[in-house]
């Protein structure tokens with residue numbers, strides 16, 4: 001719970017950098033947040049906000065150090081902090097896969113990311129950490145395949161497929177908790193359908209998500225970027241249906257102020 005003596009300043013800092021995301025604003029927010037954390041070290045939300053600003057600044061190593069400090073200080077981390085851990089290791093895995101790729105390091109980072117998302121899922125059993133956990137395992141299967149561990153990759157792929165199908169059928173997972181979950185539930189069901197190898201179902205769900213997002217670029221960009229990772233994993237695994245609309249995320253989630261042609265009735 002936020003203490004009254006710092007609640008107002010914390011909200012002001014958060015609001016300022018979210019309205020204007022540039023380096024000077026982020027640096028100023030970081031300085032103020034660190035001062036606030038020194039004064040109120042028992043408030044997890046302040047520490048989490050520092051991690052988020054460091055991530056936006058591209059200072060990933062410092063963000064990880066900050067998260068490690070939070071994990072030592074707070075014995076019970078919330079879903080958002082655990083997901084932040086997962087996202088940082090996910091970013092490191094993506095970086096490790098860029099040429100010249102370090103597949104072993106990427107595999108380690110994917111393992112770490114999936115582990116934190118799995119922990120986050122156990123907090124409230126929400127759809128966001130669960131889909132990230134499964135998607136990272138899906139990508140992990142692709143990296144295992146690249147490393148020549150084809151049988152291990154095949155078994156993991158089948159496990160992900162089974163769990164994704166279970167997720168789609170579990171109504172408790174899909175309970176909305178945030179104002180824009182009417183968009184994210186649809187998009188996440190589309191992603192789960194891809195993991196379950198149900199491409200026709202996936203396209204129908206993504207089409208509904210895109211229309212619900214009303215061409216707002218933020219939503220389309222997030223859907224596109226996540227779909228790019230899945231498409232890359234499918235290519236590595238040799239299971240991408242190249243003639244499918246979702247096989248080209250840039251075209252499918254293209255934003256020009258209007259609904260994409262293939263989504264208009």
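What follows is calculated from the coordinates using simple rules that are stated; it is not laboratory data. Computed from a predicted structure; not experimentally measured. Cβ sites come from the backbone with ideal geometry, for glycine too, and all protein chains shown count toward neighbours.
Numbers for the structure displayed
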{"item": "Rel. contact order, % - alpha carbon contacts under 8 angstrom, at least six apart, the chain", "result": "11 percent"}
{"item": "Footprinting exposure proxy for 135, 171, 35 (fewest neighbouring C-beta atoms within 10 Å first)", "result": "171, 35, 135"}
{"item": "Tilt relative to the chain, helix 4-19 - C-alpha long axis, 0 to 90 degrees, to 10", "result": "50 degrees"}
{"item": "For segment 1-76: span of alpha carbons on each principal axis (Å, largest first)", "result": "33, 31, 17"}
{"item": "Share of alpha-carbon pairs per 10 Å distance bin for segment 161-210, given as whole %", "result": "31, 54, 15"}
{"item": "log10 of Debye I(q)/I(0), alpha-carbon scatterers only, for segment 112-171 at 0.16, 0.22, 0.25 Å⁻¹", "result": "-0.50, -0.84, -0.99"}
{"item": "Normalised alpha carbon radius of gyration of segment 1-140 [divisor 2.2 N^0.38 Å]", "result": "1.10"}
{"item": "Rh (Kirkwood; distinct C-alpha pairs) - segment 77-263, Å", "result": "16.7 Å"}
